[in-house]
Amino acid sequence: MNKNELIDHFTIELLDNLFSGWNLNADPASPQAEKIRELFKRSGLDKQTGNIVDLFKMLKLARDRQGLSPQAFDISRQDLTGLALKHQQIDEHRVSVGGRVNKALPIVAEAGSRIEWYLEQKDVSAPSGIQLWDRIEQNHSRIRQLLGMNMEDWNSFSGQLRFAVESVDTLGEILNLPPEVIEEVSRVNRNYRMRLTPYYAGLIMPETLDDPVLLQAVPTGEMLDNAGIEIPPVAADHSPARLIDQFYPRVVTIKATNMCAMYCTHCLRIAHIGKKDRIYPGEAYAEAIKYIRDDSRIRDVLITGGDAFMLPDEMLLRLLDELDSIDHVRVKRLGTRIPVTTPQRITGKLLDILEMSNDRKPLRIVTQINTAQEVTPVSREAFKQLSRRVSAVMNQAVLLKGINDTRVKMWKLCETIQEAYVRPYYIFNCSYRNPQFAHLRVPVKTGQDIVESMYGNISGDAIPRFIATAGGKIPLHSSNVSGADGSELILRKPWSGEEVRYPDPDPAEYVRQDTAFNKFEKNDGHDAGDQGREPCRPKEQEKMPVPGKGEKERAI
Ligand SMILES: *Cc1c(COP(=O)(O)O)cnc(C)c1O
Ligand code: SF4
């Protein structure tokens, strides 16, 4: 058999190119010539692909830069054809040396050049709390001293809440804030409550006025200046029963508390949260549970707040028990930021409660981490413990100006949380509904660019969906189907903009019913009636109502 018949066209092209070299005189004493001879010798001896690849790479360079043909190194086309065949025989997937050298390696190099900027910047402009841990620990010991906390206070959730920083003066002292900042925060603080657990306050780098954790936790002047006309609180038009919010037929939320361990400047529920801590009466929970029990369509219940982990263990246990006892409730979620803001809450007792409920029906934790800086060795450990006991731990970040509104910050966030056992789930565009934080909003276009730039550059399961909250969650991704040409779609690669053609299946083929085993089917009168069996694919599209044209829902 002719050896050439076994070599693929990539390798033939590569060989043609090498032997098109016109220069037949290489200096035999040059390091280049020595290296090539050495690689040639070793390629013939060992059973590895590496030397063969390196040899072809060097020959290609010699050809491209100096016009040198392999013959200049006393290597014939027959020699190289033999080595190419050997490469293909060694490789488990029969990859040719031509494919590897001319295609795969350049593709990898190109992909690598796409993310060089990210690798350079990620640890400088978006350090994680793990990378900043030495400084955070210094902050923590200074805060403990200033607040007079002992280690027992520090390591308990109740201690963290008891010593929570609510006064602007204390905050100023902890962070060494300039007087004009303290004055401004005091002004805002009269209307907007501030609270940081000592642990969370320690994540802020002192004297850093653009610190992304500071901006999430400490209200600024804009909150008063922007306040304007209050838009009615989110819940007003979506609460069919006490404590319940419902947008969807099969998913409801129970707003089980209005308390949080810290208060966010960008809180969507700012009208309810962080004004005054309230304990809800037992009847409120009973009515909420009854609402869920009475509607057998509801299958997914999200306990949120405020923050679900503000509920005492017994209360959580009782709520989960109730939900687990409802047959049609199949899965549950808990919404909580506490593993980030106060990981001391994640105790063995809490974990046991979660695991017990998860064993009955899947329980997921939905959290909110907005910057890599919030992921410390302590919160990572909390998430690790949680992830061992529940079915998933997912993150819903909020896109916030000056906090996480660049590619590098958001990529770093998504990678860091994934490394901390948390799956990126959503990125919410900051709501327009609350004028108090209009200054934190980011244009949708910027958010789309940030999220879509992730495709092809970070792991697919670290890429969240970009969502507007407007009477339910509406995906904001722009389409990557950029056009159609006959039966082919034009798809756009999000990472390079390159367009590829993608054949859609033939519609006539799709509606055929005589496929698979259907063609053997005989109506012998035993099973179906006159109509015969229902085809495996409905002849008509399933009926799903199209939203009425005139019906324009007021977004919230
Ligand atoms: C966020 C939310 C849900 C859950 O939506 P998913 O897309 O399933 O995560 C359900 N109900 C309300 C009221 C919500 O705000
Ligand atoms: S944790 Fe959630 S509910 Fe609580 S203040 Fe922050 S955004 Fe609002």
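The values are calculated or read from the model by the stated rules, or taken from the named source; none is laboratory data. The shown structure was predicted, so the numbers you read here are calculated from the model rather than taken from an experiment. With ideal geometry, Cβ positions are generated from the backbone for all residues, glycine too; neighbour counts draw on all protein chains shown. In case anyone asks, the SASA skips ligands and DNA or RNA and just uses the protein heavy atoms, side chains included. Shrake-Rupley method; radii C 1.70, N 1.55, O 1.52, S 1.80 Å.
Results, tabulated for the structure shown:
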{"read-out": "Sole exception among (1) over 25 Å from GLN246 (Cα atoms); (2) open to solvent by 40 Å² or more (accessible area, probe 1.4 Å); (3) assigned to a strand (DSSP E or B) for ILE490, by number", "value": "(2)"}
{"read-out": "Whichever residue in the range 269-309 is within 16 Å of ligand 1 (Cβ to nearest atom) and of a type in the set (Ser, Thr, Tyr) and, among such residues, is most open to solvent (accessible area, probe 1.4 Å)", "value": "TYR291"}
{"read-out": "Subset of the range 464-479 (residues that are within 11 Å of ligand 1 (Cβ to nearest atom), in a strand (DSSP E or B) and surrounded by 14 or more Cβ atoms within 10 Å (Cβ to Cβ))", "value": "ARG465, ILE467, THR469, LYS473"}
{"read-out": "The range 453-508: number of residues that are among the polar types (S, T, N, Q), in contact with a strand residue (DSSP E or B) (Cβ under 9 Å, 6 or more places away or on another chain) and within 30 Å of GLU116 (Cβ to Cβ)", "value": "3"}
{"read-out": "Meets criteria (open to solvent by 40 Å² or more (accessible area, probe 1.4 Å), assigned by TED's automatic domain parsing to the domain that holds ARG162 and either not acidic (Asp, Glu) or not in a helix (DSSP H, G or I) (or both)) for LYS349", "value": "yes"}
{"read-out": "Looking only at the range 367-426, and only at residues there that are within 16 Å of ligand 1 (Cβ to nearest atom) and of a type in the set (Ser, Thr, Tyr), the one that is nearest to SER459 (Cα to Cα)", "value": "TYR425"}
{"read-out": "Criterion: of a type outside the set (Phe, Trp, Tyr), surrounded by fewer than 20 Cβ atoms within 10 Å (Cβ to Cβ) and in the same structural domain as MET454 (by TED's automatic domain parsing) - qualifying residue of GLU120, GLU92, GLU137, GLU116", "value": "GLU137"}
{"read-out": "Residue within the range 50-66 that is polar (S, T, N, Q), open to solvent by less than 40 Å² (accessible area, probe 1.4 Å) and closer than 19 Å to GLU13 by Cα present", "value": "no"}
{"read-out": "Any hit, the range 255-268, residues being more than 17 Å from THR341 (Cβ to Cβ), open to solvent by less than 60 Å² (accessible area, probe 1.4 Å) and outside any loop (DSSP other than H, G, I, E, B)", "value": "yes"}
{"read-out": "Test: residue in the range 314-324 that is open to solvent by less than 10 Å² (accessible area, probe 1.4 Å), under 32 Å from the mean Cα position of the chain (by Cα) and within 16 Å of ligand 2 (Cβ to nearest atom)", "value": "no"}
{"read-out": "Condition met for ALA241 (of a type in the set (Gly, Ala, Ser) and either more than 16 Å from ligand 2 (Cβ to nearest atom) or modelled with pLDDT under 95 (or both))", "value": "yes"}
{"read-out": "Within the range 136-171, tally of residues that are of a type in the set (Asp, Glu) and more than 24 Å from VAL185 (Cβ to Cβ)", "value": "3"}
{"read-out": "Candidates PHE437, PHE428 - the one that is of a type in the set (Phe, Trp, Tyr), crowded, with 24+ Cβ neighbours inside 10 Å and assigned by TED's automatic domain parsing to the domain that holds ILE204", "value": "PHE437"}
{"read-out": "Contacts under 6 angstrom Cβ, first residue in the range 204-229 being farther than 19 Å from LEU268 by Cβ and open to solvent by 10 Å² or more (accessible area, probe 1.4 Å), partner at pLDDT 85 or above and among the acidic types (Asp, Glu), 6 or more apart", "value": "MET205/ASP211"}
